[in-house]
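Each reported figure results from applying straightforward, stated rules to the coordinates on display, with no laboratory input. As the structure is a prediction and not an experimental result, all values here were calculated from the model. No Cβ is skipped: glycine too gets one built from the backbone with ideal geometry, and neighbour counts run over all protein chains shown.
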2 protein chains.
Amino acid sequence: MSTLFPTVVIEHLSPQIEGGHYPIKRVLGEEVTIDADIFKEGHDVVLALLKWRPVGAMPWQEVSMRCIGNDRWTGSFSIGAESPLGFTEYTIEAWGDAFASWIEEIQKKCTGGATSLLSETLEGVALVQEAAKRAGKNPASKKLAAFANALKTASDPAALVATATEPALISLMGQWPDRALSSTYEPFQKIRVDRPGAAFSAWYEFFPRSAEGKGESGSTFRQCLERVDDARAMGFDVIYFPPIHPIGITARKGANNSLFCKPGDPGVPYAIGGPAGGHRAVEPELGTLEDFAWLLAEIQARGMEVALDFALNCSPDHPYVKEHPEWFFHRPDGSIKYAENPPKKYEDVYPLNFYNPEWKSLWNELRDLLLCWAERGVRIFRVDNPHTKPVVFWEWVIAQVQAQFPDTIFLSEAFTRPKMMRVLAKAGFTQSYTYFTWRNTRAELEEYFTELTRSEMREYFRPHLFPNTPDILPWYLQEGGRPAFMIRAVLSATLSGIYGISSGFELCENAALPGREEYLDSEKYQYKQRDWNVSGNIKPLITRLNAIRHDNAALQQTNNLVFCDSENSAILCYRKTSADKSSSLLIVVTTDFRNVQSGWIHVPTGDLGMAPDSSYQMEDLLTGEVFLWQGARNFVSLDPSRRVAHILRVK
Amino acid sequence: MSTLFPTVVIEHLSPQIEGGHYPIKRVLGEEVTIDADIFKEGHDVVLALLKWRPVGAMPWQEVSMRCIGNDRWTGSFSIGAESPLGFTEYTIEAWGDAFASWIEEIQKKCTGGATSLLSETLEGVALVQEAAKRAGKNPASKKLAAFANALKTASDPAALVATATEPALISLMGQWPDRALSSTYEPFQKIRVDRPGAAFSAWYEFFPRSAEGKGESGSTFRQCLERVDDARAMGFDVIYFPPIHPIGITARKGANNSLFCKPGDPGVPYAIGGPAGGHRAVEPELGTLEDFAWLLAEIQARGMEVALDFALNCSPDHPYVKEHPEWFFHRPDGSIKYAENPPKKYEDVYPLNFYNPEWKSLWNELRDLLLCWAERGVRIFRVDNPHTKPVVFWEWVIAQVQAQFPDTIFLSEAFTRPKMMRVLAKAGFTQSYTYFTWRNTRAELEEYFTELTRSEMREYFRPHLFPNTPDILPWYLQEGGRPAFMIRAVLSATLSGIYGISSGFELCENAALPGREEYLDSEKYQYKQRDWNVSGNIKPLITRLNAIRHDNAALQQTNNLVFCDSENSAILCYRKTSADKSSSLLIVVTTDFRNVQSGWIHVPTGDLGMAPDSSYQMEDLLTGEVFLWQGARNFVSLDPSRRVAHILRVK
């Protein structure tokens, strides 16, 4: 009968993204808490279970929900560390609990002075006998039958209540409930379950051709190991390569995005496709597919991963242009249009037309590109400009790839309007670039990270923090130099579980095109001369930050961020505590790269398990220093020329 | 191609009740405003339409939406006064506007210094020619073709832009857009469209047997006209009768809910069913079905309506008990259970078991009861205790009845927990009882009515305000006497578009059972002696209030309520303005029935169309007095023994 009509109202589930159209996201081991309004007509006692299972699996796992007032219920479970990656579904099942309602009834009648409850006794006996029947061959059956007899022979109402409320009986009745009249919430809701690296990792981006830092020629895949080992020594987990595919020749750009390309200029890796092939091939100057496979294996052997760029730009020399001219935009004269953002022209790039009449063949080919690289062992794709392609394309292609390779991570490189950034994350991107790059003051950072970690975004938008990218040298770094780089390194590494730097950041490179947030002599357009150990680099700080991240579970997630009071508007203070409370850090960072800033911060002593006025030792994990603090209000002073932050642990 | 995949993201519609599972509600003539996030990849200009139609009708009506920032769009339409009652559906259609995007492109190129736009010109010409083709035989076709020629012969980029941006061309292109790549939001969303009386009416409740106010015997239907005419004279729109069906004899209750019934005691009308029949029949003491039909016709002839009580209580003498014992709850010995709320017993009422194995026949019978009375001409049902029956039953039965009688109004008499009250409204009840009965202070009233009119509830929960009911004589009225009755009358009649009083309220009857919020010698249990024109009655005030309601559109709706500042915490001040701004009132009410309260209130002069410091005349519609006021801050003094409120209109 439970299928005939719902007996319990179950509604207003939270979280729920666009009415359940999109899944929420978790990684293995993470907790899921679901709240819902659950109630039923009349006075029956209601019971509710939160149920979950990997999609396609049977049976459900179940956990009791509890009412937290005003007909609002809550329940929690953890995604098991051994769960399959992909989708887990969940629902809520609730029903009126006849036995608990019966106990309430006889208790009230007993209190009300009833002297005989013969009929009520028979009803209770029947309820317990039915449970015994449901228990079948389970030993509980005999125990329940014995309780039924005990109820039957209760001498008076008080004795009846005493027997009915024996914890052993209540426990047994809870284990063998009558769910025939239960209601189940539909449609089932979904959780995208990713591997831990989706929520915790540090990325190091470099152009393979820049690996050796030579100004006159490029490096090859075979010459990348030194750079990889340096990144590994700094503690990075992922090596992210901008496009490694053949670079177009037609309309190739020269240094600093010049329209005029000198002989020998290497071109922009984002103008993909040439005589050597398209997105399946690699640029001959970098080596062969075998060389790439070797490099990939070497990186993986070091316990690291590779992320590739997925940039859907075709140079005029891309094989698609001849093989599938219908996939591009055409002028009235039949020629193919290059990319434009008037009055800017990008003659070296032809955009794809996702709405062309042969869109199905295009979409399938793009999916096959991703599958091809996944088959070659790549499981992380950083997607270039996804916000200029249909959202539904990403929803489709990510689902297609993850169906075959569930451990694949997609990072959305969308720097655009807020709602487009959000919908890309909802539609399937595992991680997302953010506005962090331009949030510099304490107030800006607190506002933005409160939105990221306290709004519904926390359920689906994993912020991947980059203080710089090959395209973006923010004004703050240009102006602030080394202290600014240190500040942004600490913030990136501690505000979110996932962050990355684009190579050169560790060297505090901050020469910009005048009046622009772009690099002077950017390696996007040329070979780049570099001393990877130039004096003034902040590699020791980055190394320390990554080590602290690996040692402290508190920094391996994002939504545990809690801002703390500080009496200085340039000093940001926040706490992170791991789910099991075993790891808890207090981070204090100046946002002023120029002046000494000092003031009082308010330590959440209660949250850190301390009495309000206790004295305690705070160990700075960045330096090893130990400070003696007392109570909530403590003094800090940060001189950006010497120290930009404390990362503190109660000793 | 528009069916192949969505090209525009349309999401986060507001209002939307439980993800669109429930409709929003409107009456004929009311406005609907829908907001949504609408955006698309890339840089295309987006156009969006809000579309609506009565369910089952073709074609859609359409109105343009406009972007209000951050990819949020809004659109509004009115439910036509001639629309069919029932469900209207709506959706949003959006697409990238190729012509507007093309204009942006050539404008930017022109500004950027382009000297020739030959290819772009051909693209624009093609867009206009395609629109001409879509226009077909419409005269617009020739005009568009002429514009295409004009574009083709534009002498330079500036001339091209000038022609392209001619208002006539933009208007024509807007009328014949290319919607081949449009996206439409699904599923279509629903609006329950009710007749105006669903949102604006004043109810007068009386027991037919009490019509003549005789203490020794009851009145009949044929003796009710005097009471009806008195209610009509007071300006009421609806006569609401508690159950008029045969009253049970077994375990009949006596005066003041006594277990002992004296010979001649008339019994409780809520214990339904006896030798004369069940819910289809009428109590013989009141007359016959013909008598009822006569009374109904007389009431309707006076421009008023009748509301009947739908109380699903069966006395032990109800025909169902013999005909359908399976519809009731049974004890282990097979006997039928009476209603209980331990330790209270209601031996005169058998509750129905909505989950009994023959539930379908029960549900069908209950639907048929409603249909039977609808066929007899009753179109308003006040449903007794709906929160003790399955919510899904109401969702089903209301839909079934309204499918045949779309003008039927259902009032939910649920005084229970907030979420149950809300879900009953969402599931289909046209109007709902509220907590107003127990909200007395200014702070309580402001908080509750802000929730009702500013939260999502405004979309589906129509508050029907009763200052008293036959079951409820609130402490405030008991204690405060006549001034309290006057205060509650003003609040009921002006805070919501729908309100009602239970007879005796106009006489300020406030004798209660000691320590209870129930009437002493309640007419629920006995014949009631009354002088319907007893001295001290507030019929003149009620008459005036109903007249003001009828004369001022501002009081004919509820969600236009706006609270205004008052410097005295016992003086409530609020403004109501009709949608067309033609009617605007400022209401000032004391909530203190004992003491003179005076103080400064803040008139929203700007909202009333006045300059901040202007002087103006305020006419009190209750008394006809005129006050000279100036600016926002004005003084009021309310002496509850003389005057409890102003209802002010700028003269």
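The local environment of A:Ala36, defined by Cβ-Cβ distances under 9 Å, has a net charge of -2 under the rule Lys, Arg +1 and Asp, Glu -1. Size of the stretch B:469-615: Rg and Dmax of its alpha carbons, in Å, are 17.7, 59.
Couplings for the stretch A:364-371, taken from phi via the Karplus curve 6.51 cos²θ - 1.76 cosθ + 1.60 with θ = phi - 60°, read 4, 5, 5, 4, 5, 4, 5, 4 Hz in order; Gly and Pro are left as x.
Among residues of chain A, the one whose Cβ lies closest to the rotation axis carrying chain A onto chain B, together with that distance rounded to whole Å, is A:Gly19, 2.
Sorted ascending by nearby beta carbons within 10 Å, beginning with the fewest, B:Lys40, A:Lys344 become A:Lys344, B:Lys40.
Using the Cβ-Cβ distance between A:Trp294 and A:Ala611 with R0 set to 56 Å, the FRET efficiency from 1/(1 + (r/R0)^6) comes to roughly 0.45. Bridges between two residues of the protein assembly as shown, per DSSP, are antiparallel at a rate of about 70%. In this rough spin-label picture, where each label sits 7 Å from Cα along the Cβ direction, the A:Gln529-B:Arg417 distance is 7.6 nm. Distances between copies at B:Ala297, taken between label points 7 Å from Cα along the C-beta direction, are 10.0 nm in increasing order.
Which trypsin sites (Lys or Arg not before Pro) in the stretch A:353-412 pass both tests, a DSSP loop state and at most 16 other beta-carbon atoms within 10 Å? Here the trypsin sites (Lys or Arg not before Pro) that fit, given the DSSP loop and packing criteria, are A:Arg376.
Note: the stretch A:258-328, Cα convex hull, 122 Å³ per residue. For B:Val562 and B:Gln478, what is the calculated FRET efficiency with R₀ set at 25 Å and r taken between the beta-carbons, to the nearest 0.05? According to the calculation, E is roughly 0.20. Taking amide hydrogens as placed 1.01 Å from N in the peptide plane, the amide H of A:Ser598 sits under 5 Å from those of A:Leu638, each at least 5 positions away in sequence or on another chain. Remark: the stretch B:251-262, residue by residue, has Karplus-estimated 3J(HN,Hα) of 6, 4, 8, x, 4, 6, 6, 5, 6, 9, 9, 7 Hz, where x stands for each Gly or Pro and the curve is 6.51 cos²θ - 1.76 cosθ + 1.60 at θ = phi - 60°.
Extension gain, A:Glu518-A:Ala301: 0.36 nm per intervening residue step, less the Cα-Cα distance, totals 74.6 nm. Quick one: which residues, 5 or more positions from B:His330 or on another chain, have an amide H under 5 Å from its amide H? H modelled 1.01 Å from N in the peptide plane, none for Pro or chain starts. Under 5 Å from the amide H of B:His330 lie the amide H atoms of B:Lys337, each far enough along the sequence or on another chain. Hydrodynamic analysis of the stretch B:1-56 uses the Kirkwood radius over alpha carbon pairs. Inserted into Stokes-Einstein at 10 °C and 1.306 mPa s, it gives a translational diffusion coefficient of 114 µm²/s. For B:Lys337, the distances from its label point to the matching points in the remaining copies are 7.3 nm, ordered from shortest, with each point set 7 Å beyond Cα toward Cβ. For chain A, the longest principal axis of the Cα atoms and the long axis of helix A:475-495 meet at an angle of about 30 degrees. Each of B:Ile336 and B:Ala403 was given a label point 7 Å from its Cα along the Cα-to-Cβ line. The distance between the two points is 2.9 nm. Per the Debye formula on identical point scatterers at the alpha carbon atoms of the stretch A:289-396, with no solvent, log10 I(q)/I(0) at q = 0.19, 0.22, 0.23 Å⁻¹ is -1.06, -1.27, -1.33.
Neighbour counts of C-beta atoms inside 10 Å place A:Arg530, A:Arg642 in the sequence A:Arg642, A:Arg530, starting with the fewest.
Between A:Ile247 and A:Gly273, the built amide H atoms are under 5 Å apart, and every one of these is 5 or more places off in sequence or on another chain. If the reach is capped at under 24 angstrom between alpha carbons, list the lysines near B:Lys581, excluding any in the same chain fewer than eight residues apart. Result set, ordered by chain and number: B:Lys25, B:Lys651.
Between B:Glu285 and B:Ser14, the modelled label-to-label distance comes to 5.5 nm, taking each label 7 Å out from Cα in the direction of the beta carbon.
Under the combined filter of DSSP loop state and at most 16 neighbouring Cβ atoms within 10 Å, the stretch B:297-337 retains these chymotrypsin sites (Phe, Trp or Tyr not before Pro): B:Phe329.
Projected over all directions and averaged, the alpha-carbon convex hull of chain A occupies 36.3 nm².
Summing +1 for each Lys or Arg and -1 for each Asp or Glu, what net charge is found among the other residues whose Cβ lies under 11 Å from the Cβ of A:Asp317?
Working: positive: A:Arg252, A:Lys322; negative: A:Asp348.
Counting the neighbours of A:Asp317, the net charge comes to +1.
Computed per residue of chain B from DSSP H runs no shorter than four, each worth -39500 (n - 2.57), the mean residue ellipticity at 222 nm is -8500 deg cm²/dmol. Label points for A:Leu513 are taken 7 Å from Cα along Cα→Cβ. From this copy to the others they lie 8.4 nm apart, shortest first. Once Rg and the Kirkwood radius are both taken over the C-alpha atoms of the stretch B:128-198, their ratio Rg/Rh works out to 1.27. Classify the stretch A:422-521 from the C-alpha gyration tensor, please: rounded if a/c falls under 1.5, else prolate or oblate depending on whether a/b exceeds b/c. Since a/c reaches 1.5 and a/b is larger than b/c, the shape of the stretch A:422-521 is classed as prolate.
Quick one: if the Förster radius is 51 Å, what FRET efficiency do B:Phe260 and A:Arg454 give, using the C-beta to C-beta distance and rounding to 0.05?
E(calc), rounded to 0.05, equals 0.25.
Please give the Cα centre distance for the stretch B:449-515 versus the stretch A:232-247, rounded to the nearest Å. Using only Cα atoms, the two centres lie 71 Å from each other.
Among B:Leu122, B:Leu572, A:Leu296, the ranking by other beta carbons within 10 Å of each residue's beta carbon, starting with the fewest, stands as B:Leu122, A:Leu296, B:Leu572.
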